[in-house]
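Read the structure below first, then the notes.
The values are calculated or read from the model by the stated rules, or taken from the named source; none is laboratory data. From a predicted model like this one, the values you see are computed outputs, not experimental measurements. Cβ atoms come from the backbone with ideal geometry, glycine included; neighbour counts cover every protein chain shown. Areas reflect the complete protein model, heavy atoms only, side chains present, ligands, DNA and RNA absent. Shrake-Rupley method; radii C 1.70, N 1.55, O 1.52, S 1.80 Å.
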Amino acid sequence: MSTNKVQKQDVLQAVVVANFFHKNFWPAADGDSACLLPLVNRPLLHYTLDMLESSGILDVIVFCSSGSADRIKASVQRASGARRLNVVYTTSDTCRSFGDVLRHLDACALIRNDFVLLWGNVVGRLPLLPLVKRFKTLRQSGDKGAVMTIVYQRSSDPNTTSAADQTVVLAADTGRVLFHNRARGKINLPLELVLDNRTVDIRRDLVDTNVVICSTAVPPLFADNFDFQTKDDFVKGLLINEEILNSTLYAHVVDGDGYAGEVFDWPSYERVTRDVLHRWTYPQVPEVVDKYSLRYGNVYFGDNIKLALTCDVGNDTVVGSDSKFGSDTRISNTVVGKNCTIGNNVVIENSYLFNGVNVKDKSVIRFSVIGENCTIKENSNISDSCILGSGVVVEPNTELKQKRLLSSDSNNKSKKLSAKAFVYDAENNSDSDDDEDVRGLTFRTRSWSINSGSSSDNDDTASVAASIPDDTCMFYSEVVDSLIRGFEDHVHCDNLILEINSSRYAYNINYREANFQVIRAMLTLNSKAELEALNQVRYYTQLQSKLDYFMPVLRNYIKSSDSCEDCLSAIEDIAKGEELLNTVIVKVIHHLYNMNILSEESILRWHEKEEDTQFAKNIREKANKLIEWLKDAEEETDSDEDDSS
C-alpha cells in the first residue's frame, strides 16, 4: 500500500495553460479558445499534447476558462496524442494572467511533484523526461534552492524579434540564470556577474519556448507575490530577491536535441508553420499526424481533393481533404483547410485559409488570414495582412488591405461593409474596452523564405504579421487602461500604484520613463468623442477632478526634481497634440503646484529652459504671469524672513 502511494507521488505531471491572456489572433480566434487555432489544419493544443505524450508524460492538467471548457474538452477527445493521457481539467473565470493561473493551482492543491509547465501553443519534440530527471538531481545533490529550469530554443537567426529583444546571462558551468532583460540595444550588466562567476555566457540568440520545469515551490511563490503576473515578472523577481526568496533559476538550451516553437502571434505562427512544412518538427508533420501525402517542394495533399488540370500548386503548400480547385488557379506558400472550394482564375499566395472557405472566380488573396466558413465572392482582392473572422462574406469586386473583418457587429463598434462583413475601426474605437485586447495586432512586411531561419531581401514579399509593440507603448497603454478603470470603478489608488508598478516591472521601464508615461496617461483619459463634446471650462473641470482623484498616484511618482522635470515634459508633450489641454496648460501647472506636486524651483527651471520650437516658446510665454506670481511670492517670503530676523 505504501509502495503504491510512493509511485503515485512520483508520477510526473504537466500543466497546460490553454487560456491565452491576449487577443493577438483576433478576430480569427479569441484568447479563451486560441489554443484551438488551426496550424497546418490541426489545433495548436493537439501539437502540445502530442509532445507531452511522446515524452512519456501521461498525467496532464489543462487550465481553461469555463466558457471555453466544453470546446477544449471536445477537441482533446479527438486528439490522437491524448488517447494515452490522463487529462484533468481545472477552470476559473477570475484568472486574468499567467500568475493568477499559478495562484489558482496553488489554491486547488493539484500539484504533487515536480512538473512541466507550458502553454497550449507549443509545437515540437523535446526530451522532457531527461530534463526533469536532471532538474531533480540538481535539487537533490546540487542546489536545493532551484525552483525552475527555463527551456530556450537557440535561434538560427538572432535578428528575429523574439531573440533580439532578449538578453540572458548564464553561468557557463552550471547553466544558472544570472541576468535576464527584455530590451533592444545596449544593456548595462552588473559587474558582480563577472566577479562572482568564473565564466559567464551572454546570450542574445535564445528564443523562449514557454516550456519550464518547475518544483512544487513555484505555485506558492506566485501565491506569496501578487505582483508576479507573468513568467518574466517571476524571473525578474527571483533574480532581484534571490537571497530573500532563497530560490534560483536555471536554463536549458535546445539545440540539436529537439525542437520547440511557441505560437503567440502571427509572425511566430508563420515561422512555426514553415518549420512544420520543412519537417523540423518531425514526427509532428502532416502525413504522420493526419492523412496527407507529401509531394516534391514541401507540398502536402489531403484525401479526396479535386484539382483542375490547369491548377498550379507551388512550394510550401498544404491542401486539406475534400477541397476543390478550379481552372487556371495559382496557389503557393499557403495552407488551405479542409472542405474548401476555390474557383477559377484565383490567385492565393502566402496566406492561411481555414476550413470551409469558399473563394469565387478571379479573386486574389495575398498575405492574409481567412477564417472558417468565409466566402470571398468574384473579383475580390484581399491583401496586406487582412484578418477575417469566421463566417465573413465579402461581396463581389471588393478590395481590402490591412483590415480586420467580423461577420457581425454585436458591440456596434464596427463599420458595415456588407450584410456579413463588418470592418473593425481601430481609430474610432481607440477608447473602447477592447482596445487593450487587440493592440498587439499590427501590420508589417516580412519575408517567407524557403530556407528556414534566413530572411529574404526581396522587397516584394510580405506576410501576415502581428508584432509585439514597443515595451514603452505597451506600458503606456496598460497605465491608461488601469487609470480609466480605476476612475470609473473607484479603485483605491494604492491598488492602481501596484498595477502600474507591476506593468513597469514587466516591461523593464526605468523610473524616469515611468514618471513621464504616467503623467501622459493621466492627461489622455478622454476619448476623441468626449473631447469634441467638451468646452474649455468643462474640460478643465473634469481634468482637475481626475487629477485630484489620482493625487496619491501623482505623489508616489512625482517626488524629486527629476520627476518634476518629467512631469512638466509630459504635460508639454501632450499639449502639442491636444488643443484643449493647450488652452489650460498654465492652470494645470498651477494646480499641481498648489497641491505640492510640482515645486517652485522645477517650474522656474522649466520656464527658463531654452527651447528651439515655436510651440515651446508660446507655452512659456503663456506661463509668464504664473512665473511672475511665483517670483513675487518668493520675494515676499524672503522679506518676511528678513523682518522676523
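From the list Asp93, Asp59, Asp50, exactly one residue is of a type in the set (Asp, Glu), over 25 Å from Val392 (Cα atoms) and in contact with a Leu (Cβ under 8 Å, 6 or more places away or on another chain). Which is it? Before the answer, list the steps.
Details: Asp93 fails: in contact with a Leu (Cβ under 8 Å, 6 or more places away or on another chain); Asp50 fails: in contact with a Leu (Cβ under 8 Å, 6 or more places away or on another chain).
Just one listed residue meets the conditions, Asp59.
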* Identity of the residue in the stretch 22-61, under 23 Å from the mean Cα position of the chain (by Cα) and part of a strand (DSSP E or B), that ends up surrounded by the most Cβ atoms within 10 Å (Cβ to Cβ) -> Pro43
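Being of a type outside the set (A, V, I, L, M) and without any contact (Cβ under 8 Å) to a residue 24 or more places away in the chain is the filter; apply it to the stretch 238-252 and report the residue that is farthest from Leu45 (Cα to Cα). Spell out how you get there, then give the answer.
As a first pass, look at the stretch 238-252 and keep what is of a type outside the set (A, V, I, L, M): 241-243, 246-248, 250, 252.
Filter again for without any contact (Cβ under 8 Å) to a residue 24 or more places away in the chain, leaving 241-243.
On the way: Asn241: 35, Glu242: 34, Glu243: 38 Å.
Top of the filtered list is Glu243.
Residues being assigned to a loop (DSSP other than H, G, I, E, B) and surrounded by fewer than 16 Cβ atoms within 10 Å (Cβ to Cβ): count how many of those fall in the stretch 193-203. Explain how you work it out, then say what you get.
Let us first name the residues in the stretch 193-203 that are assigned to a loop (DSSP other than H, G, I, E, B), namely 196-199.
Then drop every residue that is not surrounded by fewer than 16 Cβ atoms within 10 Å (Cβ to Cβ), which leaves 196, 198-199.
Of the residues in that region, 3 qualify.
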* Out of the residues in the stretch 512-536 that are more than 12 Å from Leu554 (Cα to Cα) and among the charged types (D, E, K, R), state the one that is surrounded by the fewest Cβ atoms within 10 Å (Cβ to Cβ). => Glu532
* When both residues are 6+ apart or on different chains and their Cβ atoms are under 6 Å apart, which pairs have a first residue that lies in the stretch 155-184 and is among the polar types (S, T, N, Q), and a second that is part of a loop (DSSP other than H, G, I, E, B) and modelled with pLDDT of 65 or more? -> Ser155/Asp205; Gln166/Arg182; Thr167/Ile187; Thr167/Arg204; Asn181/Ile187
* Might you check whether a residue that is touching a strand residue (DSSP E or B) at 6+ places or on another chain (Cβ under 6 Å), crowded, with 17+ Cβ neighbours inside 10 Å and among the small types (Gly, Ala, Ser) occurs anywhere in the stretch 286-306? => yes
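Taking Asp93 as the residue in question, decide whether it is charged (D, E, K, R), at pLDDT below 90, open to solvent by 10 Å² or more (accessible area, probe 1.4 Å) and over 24 Å from Phe222 (Cβ atoms). Can you show your working first?
On the way: charged (D, E, K, R): yes; at pLDDT below 90: yes; open to solvent by 10 Å² or more (accessible area, probe 1.4 Å): yes; over 24 Å from Phe222 (Cβ atoms): no.
Criteria not met by Asp93.
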* Asked: When you go through (1) in contact with a helix residue (DSSP H, G or I) (Cβ under 7 Å, 6 or more places away or on another chain); (2) part of a helix (DSSP H, G or I) one by one for Glu530, which number turns out not to apply?
  -> (1)
* If you scan the stretch 173-192, which residues turn out to be in contact with a Ser or Thr (Cβ under 7 Å, 6 or more places away or on another chain), open to solvent by less than 50 Å² (accessible area, probe 1.4 Å) and over 16 Å from Leu206 (Cβ atoms)? -> none
* Structure fact -> For the stretch 537-557 the number of residues that are buried (at least 18 other Cβ atoms within 10 Å of the Cβ) and either of a type in the set (Asp, Glu) or in contact with a Ser or Thr (Cβ under 9 Å, 6 or more places away or on another chain) (or both) is 3
* Asked: In the stretch 376-399, which residue that is touching a residue at least 24 places away in the same chain (Cβ under 8 Å) and in a strand (DSSP E or B) is most open to solvent (accessible area, probe 1.4 Å)?
  -> Val393
